[in-house]
Amino acid sequence: MKTLMSGNEAIARGAWEAGTKVAAAYPGTPSTEILQNVALYKDIYSEWSANEKVALDLAIGAAYAGQRAMAAMKHVGLNVASESLFYSSYTGLNAGLVIISADDPGMHSSQNEQDNRHFARFAKVPMLEPTDSQEAKDYVRLAFDLSEQFDTPVLIRTTTRTSHAKSAVELTDRAGVEKRPYVKNPSKYAMIPGFAKMRHPVVEERMKKLKQWAEESDVNSIEPGDHSIGIIACGAAYQYAREVFPTASFLKLGMVWPLPEGKIREFASQVEKVYVVEELDPFIEENVRQLGIAVEGKSIFPILDELSPERVRQSAVKAGLLPAEANGGALDVGPLAKRPPVLCAGCGHRDVFWILRKMKVTVNSDIGCYALGVMPPLDATDTIGCMGASIGVAMGMRIAGLETSNVAVLGDSTFFHAGLPALADAVYNQTPVVTIVVDNRTTGMTGHQGNPGSGRTLHGKGKDIDIAAVARGMGVNHVVSVDARDLKDVEKIIREAVKLNEPSVIVIHSICVFEEHHNREEYTIIAEDCNGCTLCFRIGCPAISKSEELDAKSQRPKAWIEPSLCVGCGLCFDVCAHQAIEPGREKVPA
Amino acid sequence: METTTTNFLLAGVGGQGTLLASDIVAEVGLHTGLDVKKSEVHGMSQRGGAVTSHVRWGTRVASPLCEMGKVDFFIAQEMLEALRWLAYLKPGGTIVLNKQRWVPISTTYGQDIYPAEEHVMATVSGRAGKVLALDAIAISEELGNRRAANSVLLGALSTHLDTAVEEWLAVIEKNVPQKHKEVNRQCFLAGREGDWSYKK
Ligand SMILES: Cc1ncc(C[n+]2csc(CCOP(=O)(O)OP(=O)(O)O)c2C)c(N)n1
Ligand code: SF4
Ligand code: SF4
């Protein structure tokens, strides 16, 4: 019987079946569930690493030592780990190394939608791309075999739809894979220029051999059909194209780098016109065009955003490849209220951004749930870049003579991921930057994983690192810890810090409601005292809405707290100027 | 390649259990021997954002995403979300509508307006051939647990599919914790029994 699995579950299963011994990752949508599922297999050592580069270095080390190893990350994680990808391409390995890059076309939960197929070409390593969960599982095993056969790291690229979509998978057993002995060989594993020069020709030779493999392997297969339209596709886009062009001829590419030039030519000679349906960049298209083959791709199918069956169909209809069909898609439902992601009711980050907004400081924020501080009504944030950018950008703005005070804000997981070197820089150069760590003791955004600050590992208990002690140890003189719920103290501490002429760190304990509870029951509006002033509307708590009842004098709707949503944090109570909110009862400890 | 597929779309608000409900629909399809694909986007952990999940049953399913205007069964767990994704339902398709209002903050701090129930019902009826409208939370609350509301909706949905009741119950019981099995079973049966047809 087949099992329904997401692409990520299937990759974890594939790693287990392939005899993987070591797997490491840093969480990131859409890749996170890979390691969460690997962790269920007790015969694999698995960990959340502090960041993607550490995860990849660790996997490389394990492969050098002779055990099959895997590192998994989201697309931007591979930017962080790219240095390690490049040197491992040169050194090759001993046992197999597989790197999963989970791209996010459409930016469901990312700051950009880069196409990581370019990394395969750039770093000169092979890349496989599955179209469903069965292939996701099978390709992991294949990737390990290729890695050992050609002495190369192998990339597997998924996208949000292949990572998170579920489909039926046939399971098999774990392969018995022997540990390979480690033999010291610095000219292969120690990349000083003299040795690296000798490795580069090996890399070029390897890619030639892999090209030959790509020609012969059935992961790249011609699926003959109607000769008037020939479609080259890979990944999720292949499935959409299959849906929309059920009778066309297809060249399905399971290996997206290196490309099988001979097979592409053969396919092109069998069909009247070649089209490439691919998500994001014209990666295959440009390579096909370089072969002198007439091909169309991005002139028809969009470069922006993720594809979908209707986007593929609409583009094809517009280009005259398909007749228009009446699908009744268009529909006017009237104006629709937006429902963007919001900080949860009771999230401690809300308190911090409420104060920052009130202070009108420039906020250089970072990646995490607290990035939502940029959204209305809080609207408190000026800049967000990538993990750890907050501190460096804040320093640059300060040094360039910014007219207002500015602060860097980053989360606990982000602090350990990429904040540390930036803080070292601030201390070293004595740049008067205010670093606020909103410490909720979890990696909230990606689904509440542990991190070095919480000390909770992928498997439970590890050792926690005290952020304030780290800052002091690095030489920050002004380090203060405060609870986000003490609004007045938070404000006072930040006001003092921005006046200093040296770097400072403020660690704000801010509750994530998935981790910790507030100590009161739900708050209530005292209807006769509420005059609809709208102040509490401006904190953006999802438990607060406009009630049906209007204030007699102002004719404005009074506030309403939905009891099933309120978690009793008390921010609305602190904000209300009319004492119109009644605190919830104190919870009795169970 | 001749293929017949049955397309489902589930839409709700983060925290309503959209993903679990769609897992159940997908697994029921697999149990009955069909090829199944399902797609959703998760990874935003905050509560309260819009969530959708696509499920497709068929002899051979290619795309995990349904096409707009081609969904046979639309399970809307919330009224505003029913409107937001209504264009996915094929004209004349079936909608199972949970009559819950979950007001987004854009209507509190901003100018957005939550749609009136009459508007929702009129728009939905204009598109669907069959509207099943029910207050699943009230029903599940009465049966002992408001968090089992989705089983009520699945029960209502199941009356419009050929799949045997036992298949549904087996998959539901497999997917919910031991202590909630009985209430989910009762909720599913309550969803099956009522007549929820909404008449214009
Ligand atoms: C290089 C990189 N890796 C991973 C991610 C995915 N990601 C987004 S936010 C985040 C961490 C958030 O944790 P934390 O800083 O503790 O803030 P919280 O969400 O808990 O508020 C991660 C891992 C990313 N955007 N970029
Ligand atoms: S998941 Fe936690 S950190 Fe993220 S918004 Fe919700 S309460 Fe805040
Ligand atoms: S106490 Fe007020 S601000 Fe906090 S969760 Fe409840 S309604 Fe929202």
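The values are calculated or read from the model by the stated rules, or taken from the named source; none is laboratory data. Note that the structure is a prediction, hence the values are computed from the model and not measured. Glycine gets a Cβ as well: all are built from the backbone with ideal geometry, and neighbour counts include every protein chain shown. Just so you know, the surface numbers come from the protein's heavy atoms only, side chains and all, with ligands and any DNA or RNA stripped out. Shrake-Rupley method; radii C 1.70, N 1.55, O 1.52, S 1.80 Å.
With the condition kept exactly as written, say whether any residue in region A:518-527 is more than 14 Å from ligand 3 (Cβ to nearest atom), more than 34 Å from the chain's Cα centre (by Cα) and of a type outside the set (Phe, Trp, Tyr). If you could, list the steps in order and put the result at the bottom.
At the first step, the residues of region A:518-527 found to be more than 14 Å from ligand 3 (Cβ to nearest atom) are A:527.
From what is left, the residues that are more than 34 Å from the chain's Cα centre (by Cα) are A:527.
Applying the additional criterion that residues be of a type outside the set (Phe, Trp, Tyr) yields A:527.
Yes: region A:518-527 contains one or more residues that are more than 14 Å from ligand 3 (Cβ to nearest atom), more than 34 Å from the chain's Cα centre (by Cα) and of a type outside the set (Phe, Trp, Tyr).
When residues in region B:1-14 are screened for being open to solvent by 60 Å² or more (accessible area, probe 1.4 Å) and either among the hydrophobic types (A, V, I, L, M, F, W, C) or out of contact with any strand residue (DSSP E or B) (no Cβ under 8 Å at 6 or more places or on another chain) (or both), 2 of them pass.
Hey, could you check region B:15-31 for residues that are open to solvent by 10 Å² or more (accessible area, probe 1.4 Å) and out of contact with any helix residue (DSSP H, G or I) (no Cβ under 6 Å at 6 or more places or on another chain) and say which is nearest to A:Gly368 (Cα to Cα)? Lay out the reasoning, then the answer.
First, pick out the residues of region B:15-31 that are open to solvent by 10 Å² or more (accessible area, probe 1.4 Å): B:15-17, B:19-20, B:23, B:27, B:30-31.
Then keep just the ones that are out of contact with any helix residue (DSSP H, G or I) (no Cβ under 6 Å at 6 or more places or on another chain); that gives B:15-16, B:19-20, B:23, B:30.
Details: B:Gly15: 19, B:Gln16: 23, B:Leu19: 23, B:Leu20: 25, B:Asp23: 28, B:Leu30: 37 Å.
Filtering region B:15-31 for residues that are open to solvent by 10 Å² or more (accessible area, probe 1.4 Å) and out of contact with any helix residue (DSSP H, G or I) (no Cβ under 6 Å at 6 or more places or on another chain), the one nearest to A:Gly368 (Cα to Cα) comes out as B:Gly15.
Restricting region A:320-338 to residues that are touching a Ser or Thr at 6+ places or on another chain (Cβ under 8 Å) and open to solvent by 20 Å² or more (accessible area, probe 1.4 Å), the residue that is nearest to the other protein chains (Cβ to nearest Cβ) is A:Lys338. Within region A:517-566, being within 12 Å of chain B (Cβ to nearest Cβ), hydroxyl-bearing (Ser, Thr, Tyr) and open to solvent by less than 50 Å² (accessible area, probe 1.4 Å) holds for A:Thr534, A:Ser545, A:Ser547.
Just so you know, in region B:39-84 the residues that are among the basic types (Lys, Arg) and facing chain A (nearest Cβ under 7 Å) include one that is farthest from B:Leu157 (Cα to Cα), and it is B:Arg47. Contact map, region A:347-362: first residue under 16 Å from A:Ser405 (Cα atoms), second residue part of a helix (DSSP H, G or I) and within 11 Å of ligand 2 (Cβ to nearest atom), Cβ cut-off under 7 Å, separation 6 or more or different chains; pairs are A:Phe353/A:Gly373.
Can you tell me which of A:Ile525, A:Ile506 is within 16 Å of ligand 1 (Cβ to nearest atom) and at pLDDT 95 or above? Break it down into steps so the answer makes sense when it comes.
Details: A:Ile525 fails: within 16 Å of ligand 1 (Cβ to nearest atom).
Step by step, each of A:Ile525, A:Ile506 is checked, and only A:Ile506 is within 16 Å of ligand 1 (Cβ to nearest atom) and at pLDDT 95 or above.
For region A:135-166, a residue qualifies if it is within 11 Å of chain B (Cβ to nearest Cβ) and assigned to a helix (DSSP H, G or I), and the qualifying residues are A:Thr160, A:Arg161, A:Thr162, A:Ser163, A:His164.
Check whether at least one residue in region A:168-184 is open to solvent by less than 30 Å² (accessible area, probe 1.4 Å) and more than 14 Å from chain B (Cβ to nearest Cβ), and report yes or no. Can you show your working first?
So the first thing to find is which residues in region A:168-184 are open to solvent by less than 30 Å² (accessible area, probe 1.4 Å), and the list is A:168-169, A:175.
Imposing the further condition that a residue be more than 14 Å from chain B (Cβ to nearest Cβ) reduces the set to A:175.
Checked against the condition, which is being open to solvent by less than 30 Å² (accessible area, probe 1.4 Å) and more than 14 Å from chain B (Cβ to nearest Cβ), region A:168-184 yields at least one hit.
Of A:Ile561, A:Ile581, A:Ile539, A:Ile525, all but one fail to be within 16 Å of ligand 2 (Cβ to nearest atom) and in contact with a Phe, Trp or Tyr (Cβ under 7 Å, 6 or more places away or on another chain); the exception is A:Ile539.
Can you pull out the residues in region B:112-170 that are more than 18 Å from the chain's Cα centre (by Cα) and more than 14 Å from chain A (Cβ to nearest Cβ)? Answer for region B:112-170, where residues must be more than 18 Å from the chain's Cα centre (by Cα) and more than 14 Å from chain A (Cβ to nearest Cβ): B:Glu142, B:Leu143, B:Gly144, B:Ala164, B:Glu166. The conditions of being more than 16 Å from ligand 3 (Cβ to nearest atom), closer than 26 Å to A:Ala418 by Cα and part of a helix (DSSP H, G or I) are met by A:Ala371. Here the helices (runs of 4 or more DSSP H) wholly within region A:385-478 that include at least 1 residues being in contact with a Pro (Cβ under 6 Å, 6 or more places away or on another chain) are A:420-428. Of the residues examined, A:Ser109 is not one that is in a strand (DSSP E or B), within 14 Å of chain B (Cβ to nearest Cβ) and closer than 25 Å to B:Ser45 by Cβ.
Can you work out which of the residues in region B:49-72 that are under 17 Å from B:Thr163 (Cβ atoms) and part of a strand (DSSP E or B) is farthest from the chain's Cα centre (by Cα)?
Quick first cut of region B:49-72, residues under 17 Å from B:Thr163 (Cβ atoms) only: B:55-59, B:61, B:72.
Now restrict to residues that are part of a strand (DSSP E or B): B:55-58, B:72.
On the way: B:Val55: 10, B:Arg56: 13, B:Trp57: 15, B:Gly58: 19, B:Asp72: 12 Å.
The qualifying residue farthest from the chain's Cα centre (by Cα) is B:Gly58.
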